[in-house]
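So the structure is just underneath, and the comments pick up after that.
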Amino acid sequence: MRLPASLNITNAVNIVCIALLLSLGCFMDDAQAQEFAKVAPGKALQFPRDYGAHPDYRTEWWYVTGWLQTSDKRPLGFQITFFRTATGHNPADPSKFAPRQLILAHAALSDPTLGKLLHDQKSAREGFGLAYAKTGDTGLKLDDWQMWRDAQGNYHARVKSPDFRLDVQLTPQQAMLLQGEQGYSQKGPSGLQASYYYSEPQLRVSGNVIRQGKQQRVTGNAWLDHEWSTSVLDANSSGWDWLGANLDDGSALMAFRIRSKDGASVWSHATLRDANGKTTQYRADQVRFVAQRQWRSELTQASYPVAATIELDSDSSNHIGRNESTENWQLEPLMDNQELDARRSTGAVYWEGAVTVKRNGKPAGRGYLELTGYHQALKF
């Protein structure tokens, strides 16, 4: 889902500003701070402009997750994410060193032969051609990590990490999926708790992976989320569960729930687009995440519901669920240890992993599950 608060802005700003020296002026009085644009319903997204960055909004990200297959038929999961966050620095400051925007990035590779997640993270102030998020179309750079969209509409991503390298092309196979109400995605009972959000499911992937000094050709499919907002979640929220799944018949499923600090659902939503392009939106009272199995991290001692069922009620359901009008989507992880410690960049620890998907007990596809706020409640 990639909520506006998935980036712990306070921690991220603190970390990067310290690294770039506080004398650059990361923190300004409210009277000098930037005024951020607000998300509101009824605004039509425009492309290719909205493929690019929206610096007037506080937080934004481009999030790619997917499944790969190596030349020797082994499965891999991968994640490449670029974040942009506005610091609120005085917009009238003419200095080229003014830290108006921060660029952060995560990358991860799930390899069952290793049984653990390979991951890396970066963060820097935007500027000098070394780190940027371009407006007008997708163009992202953070040192030697890059992601861009070419004239044919294909995405390219390159990541160089000490443990692995990824160089992939992502080719759209179907129309984008506007989440919520034509791209306006509500994230809580208040209309102000919302983002602009679209997805590009069923991306065909081709490219190369280098790990342990060996380069392998890979193919697969992926899901891209692009989301931007200024709002924060309900103060009682602790984190969220999110699924993006490419289904074998060409369908696409997105589902999320925002959790309160006592574990209850603050807000939920799901979108299912079938192979013929028909889209069904599920209200908060029609979506339930039910944990089936927990995995406990030896590193952080956090417990995550890595195997789960998502129950979606149709409009004919009685909203108690679990009847003939309820569809059950069972999620099983490619491997349990897919925890990513991002405290050096976005300030959070979360589980983001490749999962297989069954629909009412029958194999249906593959996707990615994100679980946040289980190590520590996120600060909104």
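The values are calculated or read from the model by the stated rules, or taken from the named source; none is laboratory data. All of these numbers come straight from a predicted model, not from anything done at the bench. Every residue, glycine as well, gets a Cβ built from its backbone with ideal geometry; the counts of neighbours run over all protein chains shown.
Please find, within the stretch 359-368, the residue that is surrounded by the fewest Cβ atoms within 10 Å (Cβ to Cβ) out of those that are touching a residue at least 12 places away in the same chain (Cβ under 8 Å) and assigned to a strand (DSSP E or B).
Applying the filter and picking the extreme gives Pro363.
Could you list, in sequence order, all residues of the stretch 206-232 that are under 30 Å from Glu181 (Cβ atoms) and assigned to a strand (DSSP E or B)?
Listed by number, the residues that qualify are Asn221, Ala222, Trp223, Leu224, Asp225, His226, Glu227, Trp228, Ser229.
Buried (at least 23 other Cβ atoms within 10 Å of the Cβ) and closer than 25 Å to Gln216 by Cα: which single residue out of Ser110, Ser161 fits that description? So that I can check it myself, show each step before the final result.
Numbers: Ser161 fails: buried (at least 23 other Cβ atoms within 10 Å of the Cβ).
One residue alone meets the criteria, Ser110.
Within the set of pairs 6+ apart or on separate chains, which have a first residue in the stretch 21-49 that is farther than 19 Å from Thr59 by Cβ, a second that is outside any loop (DSSP other than H, G, I, E, B) and at pLDDT below 50, and C-beta atoms under 8 Å apart?
Filtered contacts from the stretch 21-49: Leu24/Cys17.
Kindly list the number of the only condition in (1) touching a strand residue (DSSP E or B) at 6+ places or on another chain (Cβ under 6 Å); (2) under 28 Å from Asn337 (Cα atoms) that fails for Gln286.
Evaluating Gln286 over (1) touching a strand residue (DSSP E or B) at 6+ places or on another chain (Cβ under 6 Å); (2) under 28 Å from Asn337 (Cα atoms) leaves (2) as the failure.
Within the stretch 233-252, track down each residue that is touching a Leu at 6+ places or on another chain (Cβ under 7 Å), more than 25 Å from Val357 (Cα to Cα) and part of a strand (DSSP E or B).
Ser238
Is it the case that some residue within the stretch 160-167 is under 19 Å from the mean Cα position of the chain (by Cα) and assigned to a strand (DSSP E or B)? Reasoning before the result, please.
At the first step, the residues of the stretch 160-167 found to be under 19 Å from the mean Cα position of the chain (by Cα) are 166.
Imposing the further condition that a residue be assigned to a strand (DSSP E or B) reduces the set to 166.
Yes.
For the condition at negative phi, among the small types (Gly, Ala, Ser) and surrounded by 18 or more Cβ atoms within 10 Å (Cβ to Cβ), what is the one hit in Ala175, Ala151, Ala86?
Ala86
Is there a residue in the stretch 119-128 that is assigned to a loop (DSSP other than H, G, I, E, B) and either surrounded by 15 or more Cβ atoms within 10 Å (Cβ to Cβ) or of a type in the set (Val, Ile, Thr) (or both)? Outline the logic, then answer.
Quick first cut of the stretch 119-128, residues assigned to a loop (DSSP other than H, G, I, E, B) only: 126, 128.
Filter once more, so that each one left must be either surrounded by 15 or more Cβ atoms within 10 Å (Cβ to Cβ) or of a type in the set (Val, Ile, Thr) (or both): 126.
Yes; the residues of the stretch 119-128 include at least one that is assigned to a loop (DSSP other than H, G, I, E, B) and either surrounded by 15 or more Cβ atoms within 10 Å (Cβ to Cβ) or of a type in the set (Val, Ile, Thr) (or both).
Residue under question is Ala275, and the condition is that it be in contact (Cβ under 8 Å) with a residue 12 or more places away in the chain, in a strand (DSSP E or B) and either more than 21 Å from the chain's Cα centre (by Cα) or closer than 25 Å to Leu76 by Cα (or both); does it hold?
No; evaluated as a whole, the condition is false for this residue.
Would you mind stating whether Val266 is more than 17 Å from the chain's Cα centre (by Cα), outside any helix (DSSP H, G or I), among the hydrophobic types (A, V, I, L, M, F, W, C) and at pLDDT below 95? Even if it seems obvious, please write down each step before you answer.
Working: more than 17 Å from the chain's Cα centre (by Cα): yes; outside any helix (DSSP H, G or I): yes; among the hydrophobic types (A, V, I, L, M, F, W, C): yes; at pLDDT below 95: yes.
For Val266, the condition - more than 17 Å from the chain's Cα centre (by Cα), outside any helix (DSSP H, G or I), among the hydrophobic types (A, V, I, L, M, F, W, C) and at pLDDT below 95 - is met.
Going by what's in this entry, would Gly139 be described as farther than 16 Å from Glu352 by Cβ, out of contact with any Leu (no Cβ under 9 Å at 6 or more places or on another chain), modelled with pLDDT of 95 or more and surrounded by fewer than 22 Cβ atoms within 10 Å (Cβ to Cβ)?
yes
Looking for whichever is of a type in the set (Ser, Thr, Tyr), surrounded by 14 or more Cβ atoms within 10 Å (Cβ to Cβ), modelled with pLDDT under 95 and closer than 25 Å to Asp111 by Cα here; the options are Thr346, Thr356. Which one fits?
Thr346
Would you say Thr135 is in contact with a Gly (Cβ under 7 Å, 6 or more places away or on another chain) and not in a strand (DSSP E or B)?
yes
Of everything in the stretch 250-272 that's in contact (Cβ under 8 Å) with a residue 60 or more places away in the chain and surrounded by fewer than 17 Cβ atoms within 10 Å (Cβ to Cβ), which residue is nearest to Tyr184 (Cα to Cα)?
So the residue we want is Gly250.
Which members of the stretch 356-377 meet the condition of being of a type in the set (S, T, N, Q) and closer than 25 Å to Arg343 by Cα?
If the condition is that a residue be of a type in the set (S, T, N, Q) and closer than 25 Å to Arg343 by Cα, then Thr372, Gln376 are the ones that fit.
Working only within the stretch 326-344, note down all residues that are part of a loop (DSSP other than H, G, I, E, B) and among the hydrophobic types (A, V, I, L, M, F, W, C). Talk me through it step by step, then tell me what you get.
To start, the set of residues in the stretch 326-344 that are part of a loop (DSSP other than H, G, I, E, B) comprises 334-338, 343-344.
Listed by number, the residues that qualify are Leu334, Met335.
Taking Gly180 as meeting all but one of (1) closer than 24 Å to Ala354 by Cβ; (2) in contact with a His (Cβ under 9 Å, 6 or more places away or on another chain), write down the number of the exception.
The failed condition is (1).
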